[in-house]
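Since every read-out is calculated from the coordinates, none of them should be taken as a lab result. If you're wondering where the values come from, they're calculated on a predicted model, not measured in any experiment. So basically every Cβ, Gly included, is an ideal-geometry build from the backbone, and we count neighbours across all protein chains shown.
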Amino acid sequence: MVAIFIWFAENIATAMNVWIYPNQSISWTLVSPQKILAWFLLVILSFVLVSLIHKPKSI
């Protein structure tokens, strides 16, 4: 779900010309839905790395 919100934010930002991808230089188009998977994998990797660094303390 986080990945979908990031993808929506990315589309809003490119529509407002905050940044432009090379395929959007002539006219604006949606960012590829395949990027949702890339954002999803990044979110999963981030959670895994943080969980490895901050292990639960035993009582």
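Which members of region 9-34 meet the condition of being farther than 19 Å from ILE44 by Cβ and either in contact (Cβ under 8 Å) with a residue 60 or more places away in the chain or of a type in the set (A, V, I, L, M, F, W, C) (or both)? Across region 9-34, the qualifying residues are ILE12, ALA13, ALA15, MET16, VAL18, TRP19, ILE20, ILE26, TRP28, LEU30, VAL31. Residue count for region 10-50 satisfying the condition of being surrounded by 12 or more Cβ atoms within 10 Å (Cβ to Cβ) and in a helix (DSSP H, G or I): 15.
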